Structure formats: C-alpha cells, structure tokens
1. With label points built 7 Å along Cα→Cβ from the Cα atoms of Thr468 and Ala449, find their separation and express it in nm.
2. Once the dipole of the chain is set up with Lys and Arg at +1 and Asp and Glu at -1 on Cβ about the Cα centre, which of Gly23, Pro420, Pro318 lies farthest towards its positive end?
3. Testing the spin-label approximation: label points 7 Å from Cα along Cα→Cβ at Asp212 and Gln481. State their distance in nm.
4. Taking a virtual spin label 7 Å from the Cα of Thr414 along the C-beta vector, which residues in region 23-43 bring their backbone nitrogen under 20 Å of it?
5. List the pair-distance distribution P(r) of region 241-398, using every Cα-Cα distance, as the percent of pairs falling in each 10 Å bin from 0 up to the bin containing the longest distance, rounded to whole percents.
6. In square nanometres and to one decimal, what's the mean projected area of the convex hull around the Cα atoms of region 432-534?
7. How do 72-80, 23-31, 317-325 rank on mean C-beta neighbours within 10 Å, highest first?
8. Would you please name the trypsin sites (Lys or Arg not before Pro) within region 364-454 that are DSSP coil residues with at most 14 other C-beta atoms within 10 Å of their C-beta?
Amino acid sequence: MHPWWRGAVVYQIYPRSFRDTNGDGVGDLAGIESKLDYLQGLGVDALWLSPVHPSPNIDFGYDVADFNGVAVEFGGMPAFDRLIEKAHKRGLKIILDEVLSHTSDQHPWFLESLKSRDNPKADWYVWADPREDGTAPNNWLSVFGGPAWSYHPVRRQYYFHKFFKQQPKLNLRNPDALQAALDVLKFWLDRGVDGFRLDVANSFLHDDQLRDNPPVPMAERTAHHWAHAPNLQRRIRDSNLSENRTVLDRIRALVDSYGDRFVFGEFSEEPRLLGEFAGANHGLHTGYTFTFLEDRQFKPKIFVDYYGFLNSIDGLWPCVTFSNHDVPRPVTRYGRTMEADSALAKLELSLALCLKGTVLLYQGEELGLPDGPIERDQISDPVGQLYFPYSKGRDPCRTPMPWEADAANLGFTTGRPWLPIAPAHRALSVDAQEREAQSVLHFARGAIAGRKKYPALVLGDLQHLRSTNQVLSFERTLDAQRIVCVFNLTREPVDVEITWPGNAQRLSALECGGARIEGATLRLEPLSAYVALI
C-alpha cells in the first residue's frame with residue numbers, strides 16, 4: 001500500500017482570498033468550509049492552507065505570533081476544529097503551512113529573547129555583536145533587499161532576518177528552540193492535521209561562524225521574479241547548509257511516528273540540494289524548488305532538464321507545481337497576459353497532471369485565472385511597495401476567488417475585499433464556468449479524475465523524456481501499463497513522427513487543444529496535449 005500523498009493532488013488555499021463569510025473583506029475558515037463540496041467535487045485529495053496562525057500580517061501570516069493558535073479573523077480555533085472535522089468526513093486531508101525558520105518580532109519567544117543576553121531564550125534567535133565600526137556582523141542580504149541584520153538597542157546587538165526585519169530568524173542550533181519548533185508540529189498532529197508544508201525549509205540552519213556569502217559574478221546575475229537581492233550572493237552561509245538535513249531528519253521522524261502523515265518543503269534556493277533535503281529515508285518526504293515557478297519560458301527543454309535532474313536523485317519522489325501564492329499565475333507568467341487564455345490554462349493543467357510527482361495546485365488554477373490588476377494605491381504586499389514599479393509584489397496572484405459572476409464582489413464577500421476584485425475574473429467565475437461545458441473548470445475536473453484512473457499516471461516512472469524546440473514527450477510506466485504523453489507548448493501547429501500504435505487508446509480527459517493521427521504522424525494543434533495508453 002503506497003502512502004496517500006504519493007501522486008496526490010494537493011490544492012493550496014490562501015485563506016484571506018478564498019471566501020469571506022462575515023463581511024469583513026477577509027476570507028475565513030468558515031468560507032473554506034462552505035466550499036468543501038466544491039473542492040471534493042474537483043477531485044483533489046488534500047487542502048494545503050497558507051498560515052492561519054495569529055500574526056501582525058507584515059508578511060500576511062508568514063510572520064507568526066502564536067504557533068498554537070488560529071487567527072481571530074479566520075474564526076479562531078473552533079472554526080479550525082470544525083473545518084478539519086468536515087473535511088475529513090469528505091475524505092479531504094488538511095495540510096498546514098508552518099513557518100519554523102523564523103517568527104514575528106511580536107512572538108513571545110522573541111520578546112523574551114531581546115530582553116537581555118542571558119535570559120532563558122537569549123539564544124533562541126540569531127544575535128551577533130556589531131563589527132568594530134558598528135556595522136552588521138557580515139554581508140548577508142535579506143531576500144527582499146538590503147542587509148539581513150537589524151540592530152536592537154536593548155541588547156546592543158544585531159539580529160538576523162532572512163526576510164523582513166519583523167521576521168527574526170530562529171536559531172535552531174539551540175536544542176531548546178529546536179524542540180519548541182518540533183512541539184509546534186506535535187501540537188497540530190495531535191489535533192488531527194494530516195501533514196505540513198514547511199516554509200523555506202532550506203534555511204533552518206545558518207553558518208555558526210557567520211562567514212560571508214560569496215558574491216554571484218556580475219555576468220551571472222539575473223532578474224528574480226519580484227526580488228533581485230538573492231541573485232547578488234550565493235546563499236550558502238545564511239542558509240542551504242548540508243547540515244540543514246539534521247533538522248529535517250528530526251521533523252521527518254516526528255511526522256512518521258504518527259503514521260500515514262505527510263511533510264514537504266519549499267526549497268527556494270540551491271535546487272541542487274533537493275536530494276539531500278528530501279528522500280525515501282531521509283529529510284522530508286518531498287519538496288519543490290522554484291524551477292517551474294520562476295521561469296517565464298514555457299519551453300520543453302526546461303522540463304527535460306529538470307526531470308533529468310530529478311531522475312538522477314535516487315529514491316526522491318517529486319513535487320509538481322506551476323503556481324502558488326508567491327509568483328505570477330501560469331496564464332500570466334507563461335502567456336504574458338492579464339487576460340484569460342483557456343488553451344494555455346488547459347495545457348498547463350494537463351502537463352502538471354501527467355508529470356511524475358505529487359501535484360500542487362493553487363486556488364483558481366482550476367479556473368485558468370490570470371493575475372489581477374493592482375493599482376499603486378491598492379498594493380498591500382510590502383514586497384510590492386518596495387519594488388514598485390518594477391513589480392507590484394505578490395498581490396496580483398492573491399486577488400479574491402471569483403465564485404458568482406453576478407454577485408457583489410463575485411461572491412467573495414459582502415464587504416470591501418482586502419484586495420480588489422479582478423474584472424477579468426467575472427467571466428471566469430465558478431458559476432459561469434459550471435455553465436460552460438468546455439470551460440477550464442470542467443477540463444480540470446475531468447483531468448484530475450482521468451489521472452486517478454491510471455496507476456501509471458499516479459505512481460509510475462517517467463521515462464523516455466525528450467524535447468524539441470516545440471514538443472515535450474515522455475512515457476509514464478507502471479508494471480505493464482504504459483502511457484505516452486506529448487505536448488506542443490507553442491502557438492504553432494507541429495507534426496511528430498509516432499513510434500507507437502496509431503490506434504492506441506486515447507485518454508481524452510487529459511487531452512486538449514486538438515491532436516490527430518494521420519498514418520505515422522501525430523499532428524498537434526497549438527497548445528495541445530496528446531495522451532494515450534499504449
């Protein structure tokens with residue numbers, strides 16, 4: 001019997017933007033509960049909830065002020081307990097997003113730590129003395145730009161923050177701090193959650209000598225979606241240490257002790273270390289890098305190279321993800337458009353559901369949503385405030401879910417939404433797509449169901465991975481079952497010579513865009529997928 005998460009389809013919910021039931025303009029857990037039938041009908045296996053803990057929302061939940069609580073604006077702990085009970089009754093797993101590398105500067109742990117250099121939690125965070133000239137201890141940079149150190153006059157020391165200065169870095173080299181982090185996971189496992197997504201799981205440990213990061217050579221520096229700072233340095237001292245695995249092993253052992261639970265991680269830097277940080281018998285169960293999340297080119301070679309890398313890692317079960325709360329949505333990223341593109345949306349879903357791995361879908365991906373437009377005075381994300389006009393930050397991919405085309409605020413809230421409703425999403429609302437037989441939503445449901453019918457697509461190996469400038473092809477195999485998958489990722493028709501029987505059984509639920517066999521030739525229309533049992 002294989003673990004439930006292998007080959008599962010995990011649906012990420014950004015609670016603030018999913019559905020609001022009390023009219024305050026912020027999505028809540030009752031809103032998620034009200035859409036459980038929709039999620040069950042979509043065919044997903046698990047719901048990954050972005051952080052629901054109390055937070056001052058400098059980074060909208062990724063700055064946690066109380067790991068063992070649920071934010072009042074989301075409904076508090078009673079709403080969470082009710083959600084998990086109702087989800088489990090429908091066969092849906094609940095995965096929590098946990099941020100163990102840092103906390104809010106309003107967390108009681110940090111408030112205690114900064115009091116003095118000798119209090120019980122003094123070493124729970126990464127503190128260091130200034131250099132002789134009073135400047136920061138080393139050259140580490142924040143992911144969001146500027147030094148990764150902030151001076152605190154109470155301790156007359158600097159503290160390390162990989163992200164915003166309001167997110168001080170936990171020192172998980174301290175055994176008491178590490179145990180406290182593990183106790184957080186134990187608290188929620190005891191409450192019945194089915195697993196965790198661990199934020200920046202590559203950054204639990206830092207270099208204990210605080211040595212400088214080496215610079216990235218000028219010729220190799222490239223744009224990095226909304227943040228350029230990470231490309232200025234090789235981040236091998238502030239994070240991405242091989243010994244980071246020791247913390248991941250502790251987490252894995254705890255999660256495994258609860259039976260069939262699941263823990264996966266975000267590995268946002270140094271993808272080469274993925275095999276050290278996740279595997280069959282070490283590290284986390286799996287994890288994802290940003291290879292498919294940052295690259296704006298929908299090119300076959302990108303997939304061939306990355307899966308060639310994944311296949312070289314013995315025992316690694318992959319994650320497949322093209323979308324999440326941090327990056328432009330696939331239709332916008334790959335299509336360079338803020339408008340709907342159902343053909344591209346269907347192709348992206350087909351590819352994700354045919355590739356090997358646990359599939360992570362982000363809310364609205366099943367609708368083919370593009371990013372929402374955000375004006376300068378509407379930006380909530382501090383990343384957008386910092387990088388405007390180069391970027392509007394992460395708000396465009398976080399605009400509220402469109403449920404009803406003719407309702408106020410598209411059925412998201414009766415109040416004023418925390419982010420503006422995207423006008424282009426009206427025609428893409430759930431109820432509008434329910435009425436349209438050829439909609440992206442109907443395709444997504446069918447494709448998820450189609451994937452589940454064939455063990456080779458859920459659990460099989462990925463073999464014979466090939467690409468041209470236009471076409472990506474591979475086979476999924478398990479025992480005697482073989483499925484060939486061919487994708488035209490361009491907007492031009494293309495012909496492919498077939499090497500399998502022309503009368504192979506077509507898996508129409510996963511196909512899109514138009515493909516036909518003529519003799520020994522597969523003719524693929526633009527943005528199309530051919531999937532067949534051979």
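None of the figures in this text is laboratory data; all of them are computed from the coordinates on show. All figures in this text were calculated on a predicted structure; none of them were measured in a lab. Heads up, the Cβs are rebuilt from the backbone with ideal geometry, glycines too, and the neighbour counts pull from every protein chain shown.
1. 3.5 nm
2. Checking the options against the dipole of the chain, the answer is Pro318.
3. That separation, rounded to one decimal, is 5.6 nm.
4. 23-36
5. It works out to 10, 34, 31, 21, 4, in whole percents.
6. Details: hull surface 27.3 nm².
Mean projected area of the Cα convex hull: 6.8 nm².
7. On the way: 72-80: 18.7, 23-31: 20.7, 317-325: 22.8.
Order by mean packing, descending: 317-325, 23-31, 72-80.
8. When the trypsin sites (Lys or Arg not before Pro) of region 364-454 are filtered for loop state and at most 14 Cβ neighbours within 10 Å, Arg435, Lys453 remain.
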